[in-house]
1. Anything over 20 Å Cα to Cα? Flag those among Lys53/Lys87; Lys49/Lys92; Lys11/Lys53, in the order listed.
2. With unit charges on the beta carbons (Lys and Arg positive, Asp and Glu negative) and the dipole taken about the Cα centre of the chain, which residue among Ala23, Asn59, Tyr95 sits farthest to the positive side?
3. What percent does the relative contact order of segment 4-109 come to when contacts are Cα pairs within less than 8 Å and at least six residues apart?
4. Just how large is the dipole of segment 4-109 about the Cα centre, in debye to the nearest 20, putting +1 at every Lys and Arg Cβ and -1 at every Asp and Glu Cβ?
5. For segment 51-105, treating each Cα as an identical point scatterer without solvent, what Debye log10 I(q)/I(0) comes out at q = 0.13, 0.25, 0.27 1/Å?
6. Per 0.36 nm of contour for each residue apart, how much would the distance between Glu37 and Ser25 grow if the chain were fully extended, relative to their Cα-Cα spacing?
7. Suppose we look only past 25 Å in the calculated P(r) of the chain. What percent of the Cα-Cα pairs does that tail hold?
8. Based on the mean of other beta carbon atoms within 10 Å per residue, what is the order of 23-32, 51-60, 99-108, most packed first?
Amino acid sequence: MLPRFHRLTKKSDFDDAYRSKWAVSGHFFLAKIKTNELGRVRIGIVISKKIIKKATGRNKIKRQLRQIVRQEAIQVKKGIDIVIACKSAIQKASYIELQKEWQSIWSKINL
């Protein structure tokens, strides 16, 4: 689980990140990135009910993405907010595929 200070919790923070023009897209998800003044990375994950109907399925994907992100993002000392918006292809993705996708997106972010 991500520590609370590494999570986006307020709706206004999510909205600010969504309005950001800096985005990196992959096959399974889209990452919207915005700088912040806090000096740490904060992450939010969004999965629509249109993509996965059951809450257990959405929560499973969120847990997997949090675990993948935690390994790399927390080490960065630069202040950014990242909102990960999942696409419909994520339903059939394995943990390994999600890891590879995140690594490619993380290299595009180029921190």
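Read the figures in this text as sums done on the coordinates, not as results from a lab. The shown structure was predicted, so the numbers you read here are calculated from the model rather than taken from an experiment. For neighbour counting, all protein chains shown are included, and Cβ atoms are generated from backbone atoms with ideal geometry for every residue, glycine included.
1. Working: Lys53/Lys87 13 Å; Lys49/Lys92 16 Å; Lys11/Lys53 22 Å.
Pairs exceeding 20 Å: Lys11/Lys53.
2. Of Ala23, Asn59, Tyr95, it is Asn59.
3. Numbers: 152 pairs, mean separation 40.7, N = 106.
Relative contact order, segment 4-109: 38 percent.
4. Dipole magnitude for segment 4-109 comes out near 440 debye.
5. -0.34, -1.12, -1.25
6. Numbers: separation 12, 0.36 × 12 = 4.32 nm, distance 2.43 nm.
Extending this stretch completely gives an extra 1.9 nm.
7. Details: 789 of 6105 pairs.
The share of Cα pairs beyond 25 Å in the chain comes to 13 percent.
8. Numbers: 23-32: 17.9, 51-60: 13.0, 99-108: 15.8.
In decreasing order of mean packing, 23-32, 51-60, 99-108 become 23-32, 99-108, 51-60.
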